[in-house]
Amino acid sequence: MLMIRNLLVVSCIFLLTSCNQNNEVKNSQLALIKTTNPGPVITDNQERSLGENIKDDVSSLPELYDVAVVKGKKNILVVYKVKHLQRFRMKQIEKNVTEMLKRKYPNETFTVSSDYKIFLEAVRLEEKIKAKKFSEKRAEKRLQDIVDMTDNTK
């Protein structure tokens, strides 16, 4: 009886430790649960300072808590998460963000969204670009697909 109990304890410990492997959780899997704060992504080989400036400007708004910026050749995608109690004012917040960006960067074309699905796709695109899974051309095409998704959700 003692041997069976010891075998059961050892097998339980083995089972518990085998289930707890150190698998890294990607940002895209946690993007809807917590603040991921992804860096600006550039699909073509341009300077990052414009993307960082846009991210800093949008992040400075008190209603927002997570911002992702993806800059392509023709378009800049700005996606953000709105704080929970501010969700009643989402249309007004989107209007304010769009006006601020057009005022500060008049020569750029922006697509602004607060949709979680679009945010998740932007984070996934960032991960694939950083992992070198997407070429410049493929990343630009994926950005255009995401921008098209924003047009379909409105």
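The values are calculated or read from the model by the stated rules, or taken from the named source; none is laboratory data. The shown structure was predicted, so the numbers you read here are calculated from the model rather than taken from an experiment. Virtual Cβ from ideal backbone geometry, glycine too; neighbours counted across all protein chains shown. Surface areas here come from the heavy atoms of the whole protein model, side chains and all, with no ligands, DNA or RNA. Shrake-Rupley method; radii C 1.70, N 1.55, O 1.52, S 1.80 Å.
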If we keep only residues of region 81-103 that are open to solvent by 40 Å² or more (accessible area, probe 1.4 Å) and charged (D, E, K, R), then the residue farthest from the chain's Cα centre (by Cα) is Arg103
How many of the residues making up region 105-154 are out of contact with any helix residue (DSSP H, G or I) (no Cβ under 8 Å at 6 or more places or on another chain), touching a residue at least 12 places away in the same chain (Cβ under 8 Å) and among the aliphatic types (A, V, I, L, M)?
1
Of all residues making up region 64-80, the number that are out of contact with any Gly (no Cβ under 9 Å at 6 or more places or on another chain), buried (at least 20 other Cβ atoms within 10 Å of the Cβ) and of a type outside the set (Phe, Trp, Tyr):
5
For region 70-91, give me the residue count where each residue is under 14 Å from Val58 (Cα atoms) and either outside any strand (DSSP E or B) or charged (D, E, K, R) (or both).
2
Counted residues, region 104-154 - those being of a type in the set (Phe, Trp, Tyr), part of a helix (DSSP H, G or I) and surrounded by fewer than 19 Cβ atoms within 10 Å (Cβ to Cβ)
1
Kindly indicate whether Thr43 is hydroxyl-bearing (Ser, Thr, Tyr), at pLDDT below 85 and closer than 17 Å to Glu140 by Cβ.
yes
